[in-house]
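Undergrad: Can you read through this structure? Questions will come right after.
The values are calculated or read from the model by the stated rules, or taken from the named source; none is laboratory data. Quantities reported herein were computed from a predicted structural model and do not represent experimental measurements. Reconstructed Cβ throughout: ideal geometry from the backbone, glycine too, with neighbour counts over all protein chains shown. Remember, those area values only see protein heavy atoms, side chains included, never the ligands or the DNA or RNA. Shrake-Rupley method; radii C 1.70, N 1.55, O 1.52, S 1.80 Å.
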Amino acid sequence: MSYVKGEVTYKVFHNELNMYSVYKIEIEETDIEELMFYKTCSVTGYFDELEIGSTFIFKGKLVENKKYGYSFQTDTFERVLPESREGVIEFLSGDLFKGIGKATASQIVDSLGTDCLRQIVEDKRILDNIPSLSEKKKDLIFEVLYDNFEIQEILVTLYSYGISPKISYRIYDFYKEETLDVIKNNPYRLIKDIEGIAFLKADKIAISTGVNLKSESRIEACIEYTLKSYTDDTGNTYMEEDELLSKTREFLGFKTDEIDIIRNCISNLSFKGEIKKENNTYSPGKLYHAEKYIVNKLKLLDKAPKKPFFTEEIERLIGTLEKESDIIYEQGQKDAIFSALLNNVSIITGGPGTGKTTIEKGIIYLYNELVESDLSRIFLCAPTGKASKRIEESTGYRAQTIHRTLGYDRDGNYAFNKFNPLPARLIIVDEASMIDTYLFQRLLEALPSDAKIVIVGDSDQLPSIGPGQVLKDLIDSNYFKTTKLTKIHRQKANSKIISLAYDILDESINTEIDESHEELSFIPCDISDAKDVIVHTIKHFLGKGYSLQNDIEVLIPIYKGPAGIDEINKYLQSVFNSRFNFEMNYDKDTYYLDDKVIQLANQYEDMVMNGDMGTIKDLLSNKEIVVDFQGNIVKYKGQDISNISLAYAISIHKSQGSEFKVVIVPVFSKYNIILNKKLLYTAVTRAKDFLVLIGDMNAINRAIKISSKNRKTRLIQFF
């Protein structure tokens, strides 16, 4: 690792949110040949604000940007204490020590010597030797010195464990001076306390500190990790005991006869409430309580006093809205509006074309006329940004993501919660099939007890990416008033795409599909020709004025293989975007300017969520990628780059809540291991104007006969 030592002369940039900083330094010493003939250079990295005039040793590597020249990318750094009398006096009388002038600083140095700074950090009482110093000034000098020495020591230690600067600052902010004690004594605490630290990272730290591999804290952390990973990966909200024991033993590398050690730790966790046991099954404690809370809160809302409405008045207002908006509500849609107004908790479910958003528009209009006359007390939300934007465009009313509705900020806090409820009288939650158990709990916690909630979604779509199947379970409970829409809205009645969607649900395709590029088309081809057929199809729609960035999407059920997401993405990138010379290689991926990308995990500190799609706007020579997510500019560096992927083709799961003007869906027999009715139905219903199926019609016919397994959840049992 190279180094550069120098005095900080100028702050170029500092981001308080993620601590990314750029400073100019005057070079005093370095082992980098390219910098030997330079007086100054820029240093970049994730660190707190540096004091101008202070000297640091930065360790890392030199990078070169064609536009900005050389800069030093910092991995670790430490302050260099001044050693000369003049240097120490200058430091003590600087901006860090308000109220300490040069005369007082000179007294301290003359009395204690030039190594006085380290003496003070080691023993504050040494300042008692300076009679002119007040207790207040003694405290100031000690605290400033201690904080500066402490945080640098802690950060250097955290960096040595491979923890990124952003996460390191988060750890320090949480534990402060106890940070190193936590790391030494029980690094598994990081898992619960710090967003972004999972078991594998904590375990790596623990092993490097010499933890006993059979320690109780390690085994318990592994049990919780195994259980949480299982619920996250499968969507189930509980796990069979035998499977939990087996997977945990396997992960820890324990022998079969050591299973009782794990069993005892499971009992300990169950006793402490960290995990919950029922009939030889286990749930993460938070997930168990989330399911229970959802049921109890909805029951509480449902039983609250209801506002009385006259049927005649509702009918009159529906008629007024129909005239003003040129809408005709059929009886099922009117029933849904009535149900929403007359019940505190109601559910509206139906497939494409049944007019769910038109009903939402009616509910908001009528409730505003009948009760509120203040749209700020009416909330319309959905799980994803694309879904909320589509709903807003369809209804004409403001819609937000659930996270934004709850006031989620970059520090991971929710402005609205059980202690500070939303100022809501009515809340409509759309695309509810996508909402996982944890998020729905968050939303309900923020609802006042007299609020009215309308839950809207298509229960035939895929369930949420996270654990649970909230919408399906609520419908199956038969506890709340549910309106099931079956009639296709007149404007969609002739849609071949919608007709095909219902054919899939009926497990019999009767809709006529041909090879022309009309609204719905099918192109038969072998899997080896899939890439070229997809490219030909995209070029056809580009010629009609559609945008690959905004309008056209390829939806594929699997990642690997010759027609998997990874391979198709690379091929489409090579055809449509490799003309750019400015590229970046990360791991096995190559990125270019204007590449279409998708976020693969929630990155709360940057306000970008799993499934958000954006465009690469800059590639920096120090291995940074800058992505524009519809105005939210996010920088990716190092390991964070693995949180994005090319998005010319995406998974069907990731497409939920989105709608694209042109959707291309390859279907081959090699997909059969994962392809089923619900998956294909979800893919088809993402298409707004055009749907192109390519591949093997026999594979499609087989897929629609395969029903996906219901998830194992506890929610219904709590009714």
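Undergrad: Leaving out ligands, DNA and RNA, what percent of the accessible area of the chain is carbon and sulfur, probe 1.4 Å?
TA: That share works out to 47 percent.
Undergrad: Let me ask another. Please list, in order along the stretch 457-471, the HN-Hα scalar couplings obtained from phi with the Karplus expression 6.51 cos²θ - 1.76 cosθ + 1.60 (θ = phi - 60°), rounded to whole Hz, x for Gly and Pro.
TA: Result, ordered by residue: x, 10, 6, 7, 6, 4, x, 4, 5, x, x, x, 9, 4, 4 Hz.
Undergrad: Working from Cα positions, state the angle (0 to 90°, nearest 10) between the long axis of helix 356-367 and the longest principal axis of the chain.
TA: Approximately 80 degrees, to the nearest 10.
Undergrad: Quick one: accessible surface of Thr55, probe radius 1.4 Å, all protein chains present, in square angstrom to the nearest 10.
TA: 20
Undergrad: Specify the angular offset, from 0 to 90 degrees and rounded to the nearest 10, of the alpha carbon long axis of helix 311-325 from the longest principal axis of the alpha carbons in the chain.
TA: For helix 311-325, the angle is close to 80 degrees.
Undergrad: Go through the stretch 56-62 residue by residue and turn each phi into a ³J(HN,Hα) via Karplus (6.51, -1.76, 1.60, θ = phi - 60°); whole Hz please, and just put x for glycine and proline.
TA: Once θ is set to phi - 60°, the couplings for the stretch 56-62 become 9, 9, 9, 10, x, 8, 7 Hz.
Undergrad: I've got another one for you. Amide H of Gly355 versus every other amide H placed in the peptide plane: which residues, excluding those fewer than 5 positions away on the same chain, fall under 5 Å?
TA: So Gly355 has HN proximity to His489.
Undergrad: If I histogram all Cα-Cα distances within the stretch 536-635 using bins 10 Å wide from 0, what percent of pairs lands in each bin?
TA: Going out from 0 Å in 10 Å bins, the stretch 536-635 shows 13, 43, 38, 6 percent.
Undergrad: Provide the per residue accessible area, probe 1.4 Å, for the chain, rounded to a whole number of square angstrom.
TA: Spelled out: the 1.4 Å probe surface of the chain, per residue, equals 46 Å².
Undergrad: Can you list the HN-Hα couplings for the stretch 495-502, worked out from phi with the Karplus curve (6.51, -1.76, 1.60; θ = phi - 60°), rounded to whole Hz and with x for Gly and Pro?
TA: So the Karplus estimates, Gly and Pro as x, are 6, 5, 5, 5, 4, 5, 4, 6 Hz.
Undergrad: Next question, about the same structure. From largest to smallest, what semi-axes in whole angstrom does the chain give when each is the square root of 5 times an eigenvalue of its alpha carbon gyration tensor?
TA: 52, 32, 28
Undergrad: In square nanometres, what is one fourth of the surface area of the convex hull spanned by the alpha carbons of the stretch 294-374?
TA: 6.2
Undergrad: Which value, in Å² rounded to 10, gives the accessible area of Cys265 with a 1.4 Å probe and all protein chains present?
TA: Here the accessible area works out near 10 Å².
Undergrad: Rg/Rh for the stretch 1-137: what does it come to with C-alpha atoms and Rh from Kirkwood?
TA: Rounded to two decimals, Rg/Rh equals 1.05.
Undergrad: How far is helix 216-234 tilted, in degrees, relative to the longest principal axis of the Cα atoms in the chain, given as a value from 0 to 90 rounded to the nearest 10?
TA: 30
Undergrad: In terms of modelled amide H atoms, which long-range or inter-chain residues lie less than 5 Å from the amide H of Asn65?
TA: Tyr70, Ser71
Undergrad: Go from 0 up to the bin containing the longest alpha carbon distance in the stretch 431-590, width 5 Å each, and give me the % of pairs per bin.
TA: In whole percents, the pair-distance histogram is 1, 6, 10, 13, 14, 14, 13, 11, 9, 6, 2, 0.
Undergrad: If you take every residue apart from Asp75 with its C-beta less than 11 Å away from the C-beta of Asp75, what net charge results, scoring Lys and Arg +1 and Asp and Glu -1?
TA: Result for the local shell: +2.
Undergrad: Lys and Arg at +1, Asp and Glu at -1: add these up for the other residues within a Cβ distance under 12 Å of Ile673 and post the number.
TA: Every neighbour counted, the sum reads +3.
Undergrad: Whenever you get a sec, line up Ser270, Ser658 from highest to lowest accessible area (probe 1.4 Å, protein heavy atoms).
TA: Largest to smallest exposure gives the sequence Ser270, Ser658.
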